[in-house]
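Just below is one structure, and these are the notes that go with it.
The values are calculated or read from the model by the stated rules, or taken from the named source; none is laboratory data. This structure is a prediction, so every number in the text was calculated from the model and none was measured. Here the Cβ is made from the backbone with ideal geometry for all residues, glycine too, and neighbour counts use every protein chain on show. Ligands, DNA and RNA are excluded from the accessible area calculation, which covers all protein heavy atoms including side chains. Shrake-Rupley method; radii C 1.70, N 1.55, O 1.52, S 1.80 Å.
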Amino acid sequence: EAIRNEIPSFNPEGLDKFLVEEKAETNTRGKHLVESIEKMLQKAVVTELRQEMSDDWWVVGIPKPVRQKVVQRFEEDDGQRGGKEFYFDLIDYQKIAMQNWELLQSFVGYSNGGKEKRLKWLDFVNSKRNMLAHVSSGKTLSMDDLAQLETYELWLRQQLSDPEDAEKGMGAAGS
């Protein structure tokens, strides 16, 4: 592909097919990574809020605009997915973390800086999630973006793993 970008006439047999398949693979891998990140966040955030706030987790822990949107989806779907926590969007976890920073920062705050900067990684993951969810756009996840998603997924998995389980190779987020 790099050669073709420099020399447009470069077109050995099978190159087009290979490039299409390679691009499809990065999108497939990226989609799995985003789904893994979202599932880990859902489980960890909801568990923390429930442990800290008990039955009040929904009202106290979830920002009102997020609650309103989620309740509308829940009602439109007749709650077929289960609890309301199954109706969050990926980006909702950023809003929930902002409101509950003291409680959640230990596992959602990436890198250094203030909470906005430490939650910026979720903007990146969400933008890639949106791209991957709309295949008709024809966009392909770059290798650099795939590597960044892998970095975030591994980091989050490490944040959520029990050190005793991690020593045994059985991180809590992976179980």
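Using only the C-alpha atoms of the stretch 113-162, find the volume of their convex hull and express it per residue in Å³.
For the stretch 113-162, the hull spanned by Cα atoms encloses 86 Å³ per residue.
Tell me which of ILE96, TYR110, VAL70 sits at the most positive position along the dipole axis of the stretch 56-121, charges placed on C-beta atoms (Lys, Arg +1; Asp, Glu -1).
Going by the charge dipole, the pick is TYR110.
Taking 8 Å as the Cα distance limit and 6 or more residues as the minimum spacing, I'd like the relative contact order of the chain as a percentage.
26
To the nearest 0.05, what FRET efficiency results for GLN105 and GLU25 with a Förster distance of 30 Å applied to their C-beta separation?
0.30
Over the chain, one equal point on each Cα, no solvent: what is log10 I(q)/I(0) by the Debye formula at q = 0.10, 0.12, 0.18, 0.20 Å⁻¹?
Result of the Debye calculation: -0.49, -0.66, -1.22, -1.40.
Give me the distance between the Cα centres of the stretch 59-85 and the stretch 23-52, rounded to whole Å.
18
Helix-derived [θ] at 222 nm for the chain: sum -39500 (n - 2.57) over DSSP H runs of at least 4, divide by residue count, nearest 500?
Mean residue ellipticity, 222 nm, calculated: -21000 deg cm²/dmol.
Nothing charged except the Cβ atoms of Lys and Arg (+1) and of Asp and Glu (-1): what's the magnitude of the dipole of the stretch 1-105 about its Cα centre? Round to the nearest 20 debye.
With Lys and Arg at +1 and Asp and Glu at -1, about 200 debye.
Would you mind telling me the share, in percent, of accessible area of the stretch 25-148 contributed by carbon and sulfur at probe 1.4 angstrom?
The value for the stretch 25-148 is 47 percent carbon and sulfur by accessible area.
What nm distance separates the two modelled labels at PHE10 and ARG73, each placed 7 Å from Cα along Cα→Cβ?
Distance between the two pseudo-spin positions: 4.4 nm.
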